[in-house]
Amino acid sequence: MRPTDTVQHKKYSELVARLIDDFQQRFEDFRKHTDIMKLLSDPFQVDPTGAAVKYQMEFADIQNDSDLKRAFSEQGLLSLDSGYVSSDSYPQSVTGCQELHCSVW
């Protein structure tokens with residue numbers, strides 16, 4: 001049986017607290033870019049009203065674009081590159097993708 005005074009509870013609780021802080025800081029970018037990541041995963045299933053205001057109109061426009069829908073259903077996400085999605089038509093979405101260093105749009 002081990003004596004309870006050899007377990008360093010304070011040391012390990014501080015270590016776990018630091019780990020939690022590190023994870024929160026490292027994954028902050030994911031939270032910051034949630035809207036674009038959702039758009040990239042399936043642009044036609046994103047709820048525009050749940051997105052940041054700067055993306056709402058573009059998400060709604062993307063979802064109502066019959067050419068984009070057809071290309072997506074026939075060829076998948078990679079078909080929505082510059083041939084269908086331009087920075088003139090969807091500047092916020094394209095900029096958001098570029099911030100993620102995403103080559104899809």
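The values are calculated or read from the model by the stated rules, or taken from the named source; none is laboratory data. Quick caveat: nothing in here was measured; it's all calculated off a predicted structure. When we count neighbours, we look across all protein chains shown, and the Cβ atoms used for this are built from the backbone with ideal geometry, even at glycine.
Is it the case that segment 46-58 has a residue that's touching a Pro at 6+ places or on another chain (Cβ under 7 Å) and under 21 Å from E99 (Cα atoms)?
yes
Testing E74 on (1) at pLDDT 85 or above; (2) surrounded by fewer than 17 Cβ atoms within 10 Å (Cβ to Cβ), one condition comes back false. Which one is that?
If we test E74 against (1) at pLDDT 85 or above; (2) surrounded by fewer than 17 Cβ atoms within 10 Å (Cβ to Cβ), just (1) comes out false.
Scan the helices (runs of 4 or more DSSP H) fully inside segment 8-78 and keep the ones with 3 or more residues being of a type outside the set (D, E, K, R).
9-26, 34-41, 53-63, 66-75
Of all residues in segment 39-62, which are closer than 20 Å to D88 by Cα and buried (at least 16 other Cβ atoms within 10 Å of the Cβ)?
L39, L40, P43, P48, Y55, Q56, E58, F59, I62
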